[in-house]
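**Student:** Have a look at the structure that comes next, please.
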Amino acid sequence: MATTSRVARPRLSSTGDALRPDSNGSTRERLTALAFIAPALLGFAVFYFWPTLRGVYFSFTEYDVFNAPVFVGLDNYRALFADATFGNAMLVTVEYVAINIISQTVLALLIAVLLHRVTRSVFVRSIVVMPYLVANVVVALLFYWMLDAQIGITNQFLGWLGIEPVAFFGDQNLAIPTIALVNTWRHVGYTALLLFAGMVMIPHDVYEAGRVDGASEWKMFWRITLPLLRPVLALVLVITVVGSFQAFDTVAVTTAGGPGDASRVIQYYIFDLAFQRLQFGYASAVSVVLFVILAAVALVQLKLMRAGESDVA
Amino acid sequence: MGTKRRIARTVAAFTGVTVLLTGCASYGVDPGGDENSGEITYWMWEAAQLPAYQQCAEDFHAANPDIDVKIEQFGWDDYWNKLFTGFVANSAPDVFVDHTSRYGEFASRGLIEPIDDLVAADGIDVDAYVQGTAELWIGPDGKRYGLPKDFDTIGIYYNKTMAADAGVTDEQLKNLTWNPADGGTYEDVIAHLTVDQNGVRGDEPGFDKSRIQTYGLGINSSGGPNGQTEWSYLTQTTGWTYMNARAWGTEFNYDDPRFQETIAWWRGLIEKGYMPPLSFTEGGSQDQQMQAGKYAMVTEGSWTLATFAGLEGVDIGLAPTPIGPSGERAAMQNSLADTIFTSSPRKGAAWRWVKYLASAQCQDVVARSGVVMPALQSTTETSKAALAETGLDITAYTDQIDNGTTFPFPAVLNSAEVNATMVSAMDNVMAFQADPSSLTAANEKVDALFR
């Protein structure tokens, strides 16, 4: 952007206003820019910025929607740190994110490398992204039935192998890994495609040089692909981690947080508090804490991975 | 200097924002209006009942051309979320089907209209409804919020073929006894109907409880705060009650040994291999499991009659709940009613529709549809005849009413909070993460909500 305006200014200044040669042009330019940004800005203001401010305000109140909010200072935040369900929800969410992100990133990298180095078939690429085209809720329900302990097809197969029925969604220890892997299945193709796009940008001659030097595919992955992919990988990770922390729909249509609190991820807890129990003030406080955590995680990730810089020439 | 100004600007902005945030919303419930005609919206969740009520709406419109009734139906899960947003946005339906577990909350927030004066003015006889149903709609403030439209109780569905193969007769199933110590003949039958993968029955030597083909008894969930279809038919026969009142109580009895013993016995069925672990409840529903031959018996509510009667490939029978230590059976009875939204601009027309829904004309139509049992006593025979066409012996349900062995659904205030605590506590007990004695601590938490 900076480059564009620097090029544009001299031409515009020659048209008038001798005293402040570029003020007129730059104002007009700014107005044009604003006009282009306006729709997005309006959407951001109305649907994100304003609700966020309201949410922060509600987090200091007791509020049930039907009566005016009552200011309670830091009470909600104090209650939050004594709330065992909140603590459990944080743990469960972190477990979910860890399983989901690690499996998804590793698999996506593998698929992307295969797409990049082995085949460039558009057909294969579209197959890879297929699960992402199915609605989340549909995927969740399908797996919910397929993984039923008694009448699910998965356990039918396991039974033939002599394995006792596994309650994938019902076992308190398996519920979160199951939900995390179901979501990995749905998102891995899309993530792979993003990474693949990043790989395509890596100059081809680097690989040719590598091959001339006798490097194996394995070595080239670690020495060429991964380092040069870093900015893209960083961006993808920030997006997927933030998205992962907000897992909700799969839980909502399958276990609804259960059994017990085994799959009560933080977003579901917020929904439960606000829309089932009408504790909008307290739910807002939990949301604010989640917001702060996510902002911090994203910031740390970007810093650690030097996402703003590229190693490609 | 720059920093100072920035701080000042931030403070100013923050103050401005706070003023904005606090100053622009209006709260409280719109009082609505009493218009006596026009179009009114009516919501219900039960799809199977839609045709009958559509018929009622048409008949009503024919008799009252000045009122149009628009019926909308949403599934149970969406229903309450939609209703809630409707309340907030002042766009809730004028009249909607309400549930005893929910209306206390609505009533205490002034969202639904009490109808005592209207009932008195129009001379409606509340004794004409099936015993116990009208009282369910007297709210926490002692006011009446609805007229019962239908009622339900609890019974046992069993796989007739499996029972016959096991040599269990219908007569036996109709006279089951139960106690929390050894489970009585109820447990004997459950054990005998359980079959492992080698074909060995639960009460035979060599029974392998880790490899089950068919469980004697199914499980729906841990039952949460009320165990409506799961355990309430047992706990009630021990003399146990939920709380210190028929409804809207403030002190709860989940710490009572009779309650905890019953839950311990029920959970014991899992250990013995006669009932699936709680983890198996995530997935298919009880009717699907029964159709697949995984369960020989399940306890369910009468609202599932059409579902179970319609299961293909299995021959289903219906038996009453067992006779407990009290010497009697017990079955929870619940009733639905139509309530009026306080902010409706057409409450006059809404009441005329509600009155019609609870009248003999409409309830007769509902009775003949044979999907649910209407609450008006005069329609009971019609309803019994229609339901008998399902081939199921519905006396298992209706005898409980006729013999006075039903007890009301335990309606409570703070139901969402009570639910959150008790579902979690009961889940942990049934998943063997905690002992039944842990319910004492849960009871303390629930009691604390009402102090």
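No lab work stands behind these numbers, since they all come straight from the coordinates. Just so you know, these numbers come straight off a predicted model, no measurement behind them. With ideal geometry, Cβ positions are generated from the backbone for all residues, glycine too; neighbour counts draw on all protein chains shown.
**Student:** Would the protein assembly as shown count as rounded, prolate or oblate if I go by the C-alpha gyration tensor, calling it rounded below 1.5 in a/c and otherwise prolate when a/b exceeds b/c, oblate otherwise?
**Tutor:** Values: a/c = 2.20, a/b = 1.42, b/c = 1.54.
It is oblate, given that a/c is not under 1.5 and a/b is not larger than b/c.
**Student:** 7 Å from Cα along Cα→Cβ at both A:Glu309 and B:Asp141: what's the point-to-point distance in nm?
**Tutor:** Placing both labels 7 Å along Cα→Cβ, they lie 6.8 nm apart.
**Student:** Using a ≥ b ≥ c from the Cα gyration tensor of chain B (square roots of the eigenvalues), is it rounded, prolate or oblate, where a/c under 1.5 gives rounded and otherwise the larger of a/b and b/c decides, a/b for prolate?
**Tutor:** Numbers: a/c = 2.09, a/b = 1.32, b/c = 1.58.
Oblate, since a/c reaches 1.5 and b/c is not below a/b.
**Student:** Once the dipole of the range A:83-304 is set up with Lys and Arg at +1 and Asp and Glu at -1 on Cβ about the Cα centre, which of A:Ala98, A:Gly198, A:Asn173 lies farthest towards its positive end?
**Tutor:** Towards the positive end, the residue furthest out is A:Gly198.
**Student:** Along Cα→Cβ, 7 Å out, is where each label goes; now give me the distance between the ones at A:Thr32 and B:Ala120 in nm to one decimal.
**Tutor:** Roughly 7.6 nm, to one decimal.
**Student:** Further question: Determine the calculated [θ] at 222 nm for chain A from helices alone, applying -39500 (n - 2.57) to every DSSP H run no shorter than 4 residues and normalising by the residue count; nearest 500 deg cm²/dmol.
**Tutor:** Computed mean residue ellipticity for chain A: -21500 deg cm²/dmol.
**Student:** Now a separate question. With +1 on each Lys and Arg Cβ and -1 on each Asp and Glu Cβ, how big is the dipole of chain B about its Cα centre, in debye rounded to the nearest 20?
**Tutor:** Result for chain B is approximately 1900 debye, rounded to the nearest 20.
**Student:** Could you check the simple spin-label distance between A:Asp205 and A:Val297, using points 7 Å along Cα→Cβ, in nm with one decimal?
**Tutor:** Rounded to a tenth, the inter-label distance reads 4.2 nm.
**Student:** Mind giving me the FRET efficiency for B:Glu72 and A:Leu226? R0 is 51 Å, r the Cβ-Cβ distance, nearest 0.05 is fine.
**Tutor:** Plugging the Cβ-Cβ distance into 1/(1 + (r/R0)^6) gives 0.40.
**Student:** Now for a separate question. In terms of the Cα gyration tensor, with a ≥ b ≥ c the square roots of its eigenvalues, is the range B:149-195 rounded because a/c is under 1.5, prolate because a/b exceeds b/c, or oblate? Intermediate results must be reported in sequence, preceding the final value.
**Tutor:** Details: a/c = 2.33, a/b = 1.31, b/c = 1.78.
It comes out oblate by the Cα gyration axes.
**Student:** How high is the relative contact order of chain B? Use alpha-carbon pairs under 8 Å, at least six apart in sequence, and give a whole percent. Display every interim value, and only then the final one.
**Tutor:** On the way: 814 pairs, mean separation 114.5, N = 451.
Relative contact order comes out at 25 percent.
**Student:** Name the residue farthest towards the positive end of the dipole of chain B from the options B:Gln228, B:Ala319, B:Trp248, assuming +1 on Cβ of Lys and Arg, -1 on Cβ of Asp and Glu, about the Cα centre.
**Tutor:** B:Trp248
**Student:** Enumerate by residue number the GluC sites (Glu not before Pro) in the range B:269-357 meeting two conditions: DSSP loop (anything except H, G, I, E, B), and at most 12 other Cβ atoms within 10 Å of the site's Cβ.
**Tutor:** For GluC sites (Glu not before Pro) across the range B:269-357 that sit outside H, G, I, E and B with at most 12 neighbouring Cβ atoms in 10 Å, the list reads B:Glu312.
**Student:** Can you give me the relative contact order of chain A as a percent, contacts being Cα pairs under 8 Å and 6 or more apart? Please list the in-between numbers first.
**Tutor:** Numbers: 338 pairs, mean separation 81.0, N = 313.
It rounds to 26 percent for chain A.
**Student:** Provide the three semi-axes, in whole Å and in decreasing order, of the ellipsoid equivalent to the range A:83-304 as defined by the square roots of 5 times the Cα gyration tensor eigenvalues.
**Tutor:** 35, 24, 14
**Student:** Oh, and also: Taking H as built 1.01 Å from N, whose amide H comes closer than 5 Å to the amide H of B:Leu318, not counting residues under 5 places away?
**Tutor:** Sorted by chain and number, the residues that satisfy this are B:Tyr158, B:Asp393.
**Student:** Which entries in B:Lys174/B:Lys209; B:Lys82/B:Lys355; B:Lys70/B:Lys384; B:Lys143/B:Lys355 show an alpha-carbon gap greater than 22 Å?
**Tutor:** B:Lys174/B:Lys209; B:Lys82/B:Lys355; B:Lys70/B:Lys384
**Student:** Say R0 is 22 Å: what FRET efficiency, to the nearest 0.05, do B:Arg451 and A:Phe81 get from their beta-carbon distance?
**Tutor:** For B:Arg451 and A:Phe81, the calculated efficiency is 0.45.
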